[in-house]
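What follows is one structure encoded as structure tokens, with my remarks underneath.
Here, each number is a calculation from the coordinates, and none is a lab measurement. Since the structure is predicted, the reported quantities are computational estimates derived from the model, not experimental observations. Glycine also receives a Cβ, built like all others from the backbone with ideal geometry; neighbour counts cover every protein chain displayed.
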Amino acid sequence: MLGFFSNAMLRFLETYPDQEEQMDISIVIVANAEGNAFNSNSSKYLHPLGGEPLISYPWQLAADLSEPPPLLLVNAMAASPLQTWAAGRARCVRWQDALPLGETVLLLYGDAPLLRATSVRAFLTNYEQHAVSAMNLVSGAGCVAQLLTATRFQELQASEESLDAGLASLEATLVTLEDAREGLRIHTRVDLSRAEKLLRQRINMRWMLAGVTLVDPATTYIAPTVTIGRDTVIHPHTHLRGKTTIGMENALGPNSIIDSCTIGNRCRVTASVLEHAVMEDESDIGPFGHLRKGARLCRGAHMGNFGEMKKSTLGPGAKMGHFSYLGDTTVAANANIGAGTITCNYDGAHKHPTEIGKGAFIGSGSMLVAPVKIGAGATIGAGSVVTHDLPPGSLAYGVPARLKSTKKD
């Protein structure tokens, strides 16, 4: 399969280049060009690309190239929102500030998200091989990176020219970027959509080459923060977001959203939404299921169509077939949750827990009014409203549910 792609294509598709020895160089990310083309109340550098802020891509590039945090060069309009994002990541500075610089300054641009570390390393090598005081990395879209001595940088700062004018007038040796797609600068939302498509192609190709099947790459959306095990199959219109970790041999989608979740091996997700949840090995959900924050499907658990879980655990081998809601609930192994079962966990002021024991059977259409405990092996008849704890092996039914002495009664 590798022979099908040119070397340039494979280099472009590479998302996370190998780490090399950190370089002793000062990196400045230029993030001052807000403009009005975005027609937005937010900084363009904070608009999402692949689920992450636009500015995070050059920031990650800088982190790949050099250990010290980069300097983030901003103007007055952009300073406040970017300073909030940069906290703990980078130091925001202004054009006329005295900056702590090494001998060489690398200027990256906050609106050039597709530039790769391998291309910049080649640019650095080119700069070191030529005795010049300034060098620009350019593409058809213009300049995407600049190298210059700290002395030249400080001379530009000392001039009366603005940042943009000073950098534009810089006399420098030009080096052309091999893959022009990396040089895309984001000036409008149209540019942002182009970058989204190119980034998606890059990420999707990387995972396909790593052993993941994408049935339709054009309708598969994988954030750069996601990891996927081999032999997983991803069906059309599936979105993988946030810091999601997916194991091997899973079947995901179609029409699913998985955000900041952990999924084990040999799991199945069909037309469902998962948020900050966990699926252990060989569990499955859907169609039309919803796992909210704090939900967990243990090994071999099954959650069918039109079910919802929040801060709840469905134990190993437990089943919740359809049309049920579990909130603040712990279900032990091999229990059965009948259709239409609701845990009534909220009394209007506080949330309360429900515990369902191992092998318990909850009949269809039942309501469990929390706080309540259902013992192991207990059975609840269909349509019951349970307001009190039930001991192990017991039988209860009715509205309100009444306890029978044994299941034989």
>> List the lysines whose Cα sits under 17 Å from the Cα of residue 243, skipping any in the same chain fewer than 8 residues away.
In response: 293
> What number, in percent, do you get for the relative contact order of region 78-187 if the mean sequence gap of Cα pairs under 8 Å and at least 6 apart is divided by its residue count?
Replying inline: 33 percent
>> Using amide H atoms built in the peptide plane, which far-off residues or other-chain residues are under 5 Å from residue 93 H to H?
In response: 72, 73, 74
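Can you classify region 59-99 as rounded, prolate or oblate using the Cα gyration tensor, where a ≥ b ≥ c are the square roots of its eigenvalues, rounded means a/c under 1.5, and otherwise it's prolate if a/b beats b/c and oblate if not?
On the way: a/c = 2.44, a/b = 1.47, b/c = 1.66.
Since a/c reaches 1.5 but b/c is at least a/b, the shape of region 59-99 is classed as oblate.
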>> Suppose R0 equals 25 Å. What FRET efficiency, 1/(1 + (r/R0)^6) with r the Cβ-Cβ distance, do residue 151 and residue 176 give to the nearest 0.05?
In response: 0.45
> Computed over the Cα atoms of region 191-339, what is the convex hull's projected area averaged over all directions, in nm²?
Replying inline: 7.6 nm²
>> If I model the chain as equal point scatterers sitting on the Cα atoms and use the Debye formula, what is log10 I(q)/I(0) at q = 0.11 Å⁻¹?
In response: -0.85
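How long are the semi-axes of the equivalent ellipsoid of region 205-276, taking √(5λ) for every eigenvalue λ of the Cα gyration tensor, in whole Å from largest down? If you can, show how the numbers build up before the last one.
Numbers: eigenvalues 43, 34, 29 Å².
Equivalent ellipsoid of region 205-276: 15, 13, 12 Å, largest first.
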>> Assuming 0.36 nm per residue, please report the length gained on full extension of the stretch residue 47 to residue 387 beyond their Cα-Cα distance.
In response: 117.5 nm
> When only C-alpha pairs under 8 Å and at least 6 residues apart count, what is the relative contact order of the chain, in percent?
Replying inline: 7 percent
> For the chain, with only Lys/Arg (+1) and Asp/Glu (-1) charged at the beta-carbon, what is the dipole magnitude about the Cα centre, in debye rounded to 20?
Replying inline: 2140 debye
>> What are the extents of the Cα atoms of region 2-189 along their three principal axes, in Å, largest first?
In response: 50, 41, 30
> Relative to the present Cα-Cα distance, how much length would full extension add between residue 36 and residue 215 at 0.36 nm per residue of separation?
Replying inline: 60.5 nm
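Dipole size in debye (nearest 20) for region 2-189 around its Cα centre, Lys and Arg Cβ +1, Asp and Glu Cβ -1? Walk me through the numbers before you get to the answer.
On the way: 11 positive and 21 negative charges, 116 e Å.
Computed about the Cα centre, the dipole is about 560 debye.
By the scheme Lys and Arg +1, Asp and Glu -1, what is the net charge of all other residues having a beta-carbon under 12 Å from that of residue 156?
Working: positive: 152; negative: 155, 160, 161, 164, 171.
Neighbour charge sum, excluding residue 156 itself: -4.
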>> Charges on Cβ only, +1 for Lys and Arg, -1 for Asp and Glu, centred on the Cα centroid of region 204-404; of 225, 372, 361, which one is farthest towards the dipole's positive end?
In response: 372
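What percent do you get for the relative contact order of region 2-189 when only Cα pairs under 8 Å and 6+ apart count? Walk me through the numbers on the way to the answer.
Numbers: 290 pairs, mean separation 45.5, N = 188.
About 24 percent, as a whole number.
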>> What are the ³J(HN,Hα) couplings of region 151-158, residue after residue, when phi is run through the Karplus curve with 6.51, -1.76, 1.60 and θ = phi - 60°? Round to Hz, x for glycine and proline.
In response: 4, 4, 4, 5, 5, 5, 4, 6
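Going by the alpha-carbon gyration tensor, a ≥ b ≥ c the square roots of its eigenvalues, is region 254-359 rounded (a/c under 1.5) or, if a/c is not under 1.5, prolate (a/b greater than b/c) versus oblate? Mind dumping the intermediate values first?
Numbers: a/c = 1.58, a/b = 1.31, b/c = 1.21.
It is prolate, given that a/c is not under 1.5 and a/b is the larger ratio.
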